[in-house]
1. Picking from ASP130, ASP134, which residue would you name as being at pLDDT below 90 and either open to solvent by 40 Å² or more (accessible area, probe 1.4 Å) or polar (S, T, N, Q) (or both)?
2. Quick check on LEU355: is it in a helix (DSSP H, G or I), within 23 Å of GLY259 (Cα to Cα) and either open to solvent by less than 80 Å² (accessible area, probe 1.4 Å) or modelled with pLDDT of 90 or more (or both)?
3. Scanning segment 1-21 for residues that are over 16 Å from GLY243 (Cα atoms) and open to solvent by 30 Å² or more (accessible area, probe 1.4 Å), which turns out modelled with the lowest pLDDT?
4. Tell me the residue from THR263, THR255, THR279 that is under 30 Å from ASP332 (Cβ atoms) and either without any contact (Cβ under 8 Å) to a residue 60 or more places away in the chain or of a type in the set (D, E, K, R) (or both), please.
5. Just to be sure, is ARG46 modelled with pLDDT under 95, touching a strand residue (DSSP E or B) at 6+ places or on another chain (Cβ under 9 Å) and of a type in the set (Lys, Arg)?
6. Give me the pairs, please: first residue somewhere in segment 89-114 and open to solvent by 70 Å² or more (accessible area, probe 1.4 Å), second residue anywhere and basic (Lys, Arg), beta-carbon distance under 9 Å, and either six or more positions apart or on two chains.
7. Hey, THR85 hits all of (1) under 25 Å from the mean Cα position of the chain (by Cα); (2) surrounded by 15 or more Cβ atoms within 10 Å (Cβ to Cβ) but one; which does it fall short on?
8. Give GLU208, GLU241 a once-over and let me know the one that is in contact with a Lys or Arg (Cβ under 8 Å, 6 or more places away or on another chain), buried (at least 19 other Cβ atoms within 10 Å of the Cβ) and assigned to a helix (DSSP H, G or I).
Amino acid sequence: MKDVLDGLSDIDAANVVRCARVLLRRPLLRVDGPDGDLLPLVYRHRITLQDLFAGLLAYRLVVERRFARLYKPGPGVDPTRGEPTLSPRGYTYFALTIAALTGVGRQVLLSRLVTDVRAAAVEAGVAVTDDLPDRRALTAALRHLLSLGVITETEGTVAPWGTDGPAEALITIDTDLLGQLLSGPLLEATGPDHLIELAARPGPRGAEHAVRRKLVENPVVLQTDLPPDQVEWLRRNQRRESGLLERSFGLVTETRLEGVAVTDPEDYLTDVLFPGSGTVARIALLALPELIADPDPELFEDDAEPPDPRPDGRHPVTYGQVRVICAQLVEDYPAAWSRQATEDLDRLTADVLDLLVRMGLAVDDPEQGWLIAPTAHRWAPQPDDTPARNAPPPPPAEPEEPGWSLFDGEGEL
């Protein structure tokens, strides 16, 4: 495959890579949005960028003077991919709102839009209510459309939502951006599951595009998670891919027997930092050595036995084990954590597991609980404090020396 960066000057090649990284992070790049100052540079190198994304990843790139849209495939059935501000209900309202916006023109009152959204829900057979959770879900969908620049608040705001319904607002719709939102082939899909399948299908080069997409979009790619044809392709081409990803996107790969870890030295393409500075991230980091160590029988129920080692290198753990380890860390270093994050131990455990899943370091297994990836071995953190249970006892208090009193010698003349 011809490298589209060949023949460019060093400056132009560096600018193309810079633009490619921006588009990977912001697939909908617009003038008035984050990193929008780079849109003129993207427009200047649009032909090279289109060839780069089409050849390496089979991504389609549309570039206009006001915006650029990189069409990535859907993630398929992957719970780690999604907009964190949207719940499943919020995603439902997001889709319904897009459907309602397509027929209202360039401006609409918020009250009218809400009515149209609910009508679209009835037409699609989606049950909607007027309770507080549904209102919050619809508000979250509207806020996300605001963040994308698809709608703007010309007068009023979508934020207030009282008991009598939404506060009135006039919304202006960017119909050009609205038409660029959806990437899935709606006309080809026969249903929701089929749409997800079609949106996640690989590019024309099959295994090559499928594996390279995983390497670019995921921090960890394990061979056990790939079908045989993709494993074979990765083994034959991993050295070439390492140089290609670094040259084209500034990504660094670490290849091990179990798979490949991909990092961005500048952390620009890293949406979740790990290790991180928050309480959940630090507890997850300190928990990893315990989670991948030989199972402690005391952490299992009386009638349970530690599972046998798995051939794929993953370490099975139960929710109860993770909870015990988190509780021990909270007890050992009480002054190191946010009280708000640690006051609910079950919530803390769930947050730790969720972070490990998003980082590709754990997967939920219906039979064995949770499986910790072998890539967890790359971290071996050492706490910079002594656990409270091992801290030396405080020195005994010295007896107080008797002091002088006005009554000393009372009775002596």
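The values are calculated or read from the model by the stated rules, or taken from the named source; none is laboratory data. None of the values given here were measured: they were computed from a predicted structure. Cβ sites come from the backbone with ideal geometry, for glycine too, and all protein chains shown count toward neighbours. The area values use the complete protein model at the heavy-atom level, side chains included, leaving out ligands, DNA and RNA. Shrake-Rupley method; radii C 1.70, N 1.55, O 1.52, S 1.80 Å.
1. Numbers: ASP134 fails: either open to solvent by 40 Å² or more (accessible area, probe 1.4 Å) or polar (S, T, N, Q) (or both).
Residue meeting the stated conditions: ASP130.
2. Judged against the criteria, LEU355 is a match.
3. Here the residue is GLY7.
4. So the residue among THR263, THR255, THR279 that is under 30 Å from ASP332 (Cβ atoms) and either without any contact (Cβ under 8 Å) to a residue 60 or more places away in the chain or of a type in the set (D, E, K, R) (or both) is THR263.
5. On the way: modelled with pLDDT under 95: no; touching a strand residue (DSSP E or B) at 6+ places or on another chain (Cβ under 9 Å): yes; of a type in the set (Lys, Arg): yes.
In short, no.
6. What qualifies is ARG89/ARG136.
7. Result: THR85 passes all but (2).
8. GLU241
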